[in-house]
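*Asks:* Here it is: the structure, laid out below.
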Amino acid sequence: SLSFTLRAYTNSAMQTFRQEADNLMAQLADRYGLSFSMSQCDPFMATENTPHIVDDVCRVAMSNDFDVIMADRPFRWSEDFASYLAVCPGCLMGIGAGESHPELHHPDYDFPDDVIPRAVALFVAIAEM
């Protein structure tokens, strides 16, 4: 039994990885006279934001004096929001808690309630765009 995790920044890259894994397993099984089967456990799609929505959200945020920091690369963790984005244009964003704040799921994480008023103001501005 062999178990592994595949992660990709895009859904098309994940399809490529899956196909490559299937091909590799088929080649190895053929070479060594083995049979094999593959299955997925807990698959997650990549969260792929809609570019024009990202642009709109950034424009609204900046015009309302919010700092906008674009990540250098996508987050590595998976997110259920990807399922929404598969059927509806959208944008997953973070409201930010500061660079020295523990990350979500860290044992010391405590939601910073002081960001709520600014987050609500941002969501209202986005809704009004």
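The values are calculated or read from the model by the stated rules, or taken from the named source; none is laboratory data. Source: prediction; values computed, not measured. Positions of Cβ are backbone-derived with ideal geometry, glycine not excepted, and every protein chain shown enters the neighbour counts. Only protein heavy atoms, including side chains, enter the accessible area calculation; ligands, DNA and RNA are left aside. Shrake-Rupley method; radii C 1.70, N 1.55, O 1.52, S 1.80 Å.
*Asks:* Could you compute the net charge surrounding residue 85? Neighbours are other residues with a C-beta less than 13 Å from the C-beta of residue 85; K and R count +1, D and E count -1.
*Replies:* That works out to -3.
*Asks:* Just need the relative contact order of the stretch 1-83 here, percent rounded to a whole number, with Cα pairs under 8 Å and 6+ apart. Present the calculation step by step, with values, prior to reporting the outcome.
*Replies:* Details: 45 pairs, mean separation 28.5, N = 83.
Reported as a whole number, the value is 34 percent.
*Asks:* Now for a separate question. Specify which labelled value, from [x] 49, 37, 21; [y] 50, 34, 32; [z] 64, 36, 22, agrees with Cα extents along the principal axes in Å derived from the coordinates of the model shown.
*Replies:* Computed from these coordinates, Cα extents along the principal axes in Å corresponds to label [z].
*Asks:* While we're on this one: Using a 10 Å cut-off on Cβ atoms, rank the peptides 19-28, 54-63, 100-109 from the highest mean neighbour count down.
*Replies:* Numbers: 19-28: 11.5, 54-63: 14.2, 100-109: 9.0.
Those peptides, ordered most packed to least, come out 54-63, 19-28, 100-109.
*Asks:* Now for a different question. When the dipole is taken about the Cα centre of the stretch 43-129, and only Lys, Arg (+1) and Asp, Glu (-1) are charged at their Cβ, what size is it in debye, to the nearest 20? Please report the intermediate quantities before stating the final value.
*Replies:* Details: 4 positive and 15 negative charges, 59 e Å.
Taking the Cα centre of the stretch 43-129 as origin, the dipole is about 280 debye.
*Asks:* With just the Cα atoms defining each centre, how far is the stretch 92-108 from the stretch 1-35? Give it in Å.
*Replies:* The distance from the Cα centre of the stretch 92-108 to that of the stretch 1-35 comes to 34 Å.
*Asks:* Expressed as a whole percentage, what fraction of the accessible surface of the chain belongs to carbon and sulfur atoms when a 1.4 Å probe is rolled over the protein heavy atoms?
*Replies:* Using a 1.4 Å probe with all protein chains present, the chain comes out at 54 percent carbon and sulfur.
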